[in-house]
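Enquirer: First, the structure itself, so that you have it in front of you.
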Amino acid sequence: MGMFLVLVRRTGEYDLARPLEEQSGWEAHAGFMDRLVGDGFLVLGGPLADEVRVAYAVDAESEDAVRATLAQDPWSDTHLVVDAVEPWTIRLDGRRG
């Protein structure tokens, strides 16, 4: 397994005027993302300052595995589009004891 930095962009049906929890399909998307966290795939995630782009740190076997997994998100291509998946060498990690 390896770490990847993923950049996604809010698009299409995502309404920037509404809070995250009021977006169409929120419950299905939130459940999917919670499962990714529980499975250890999604390590970190959250919006960047522009509130349009979102960054994820994921632990996966390959870029193809990252893309295939994220394509299962109910928001894939309707609310979120993957812009980049980059292998990421972590050299410093303050989360580890």
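The values are calculated or read from the model by the stated rules, or taken from the named source; none is laboratory data. Predicted, not measured: the structure shown is a model, and the values here were computed from it. Neighbour counts are summed over all protein chains in view; Cβ atoms, including those assigned to glycine, are modelled from backbone coordinates with ideal geometry. The protein model used for the area step is the full one, side chains on, heavy atoms only, and it has no ligands, DNA or RNA in it. Shrake-Rupley method; radii C 1.70, N 1.55, O 1.52, S 1.80 Å.
Enquirer: Could you report the accessible area of F4 in Å², rounded to 10, computed with a 1.4 Å probe on the protein chains as they sit in the structure?
Expert: In the full protein context, F4 sits at about 20 Å².
Enquirer: Something else: Could you please state how large a percent of the accessible area of the chain is carbon and sulfur, counting protein chains only and using a 1.4 Å probe?
Expert: Accessible surface attributable to carbon and sulfur in the chain totals 51 percent.
Enquirer: Next up: So which trypsin sites (Lys or Arg not before Pro) in the range 39-97 are both in a DSSP loop and have at most 13 other Cβ atoms within 10 Å of their Cβ?
Expert: Loop-located and lightly packed - R91, R95, R96.
Enquirer: So, for the chain, what is the accessible surface per residue at a probe of 1.4 Å, expressed in square angstrom?
Expert: Averaged over the residues of the chain, the accessible area is 63 Å².
Enquirer: Quick check on the range 1-49: take the gyration tensor over C-alpha atoms, sort the square-rooted eigenvalues as a ≥ b ≥ c, and tell me if it's rounded (a/c under 1.5), prolate or oblate.
Expert: Cα axes put the range 1-49 in the oblate bin.
Enquirer: Continuing with the same structure: Quick check: the angle from helix 26-38's long axis to the longest principal axis of the chain, C-alpha only, nearest 10 degrees?
Expert: The angle comes out near 10 degrees.
Enquirer: In terms of solvent-accessible area of protein heavy atoms at a 1.4 angstrom probe, what is the ranking of D73, D15, highest value first?
Expert: Working: D73 15, D15 60 Å².
From most accessible down to least: D15, D73.
Enquirer: Here is a follow-up. Rounded to two decimals, what is Rg over Rh for the chain when you use alpha-carbon atoms and the Kirkwood radius?
Expert: Computed over Cα atoms, the ratio is 0.96.
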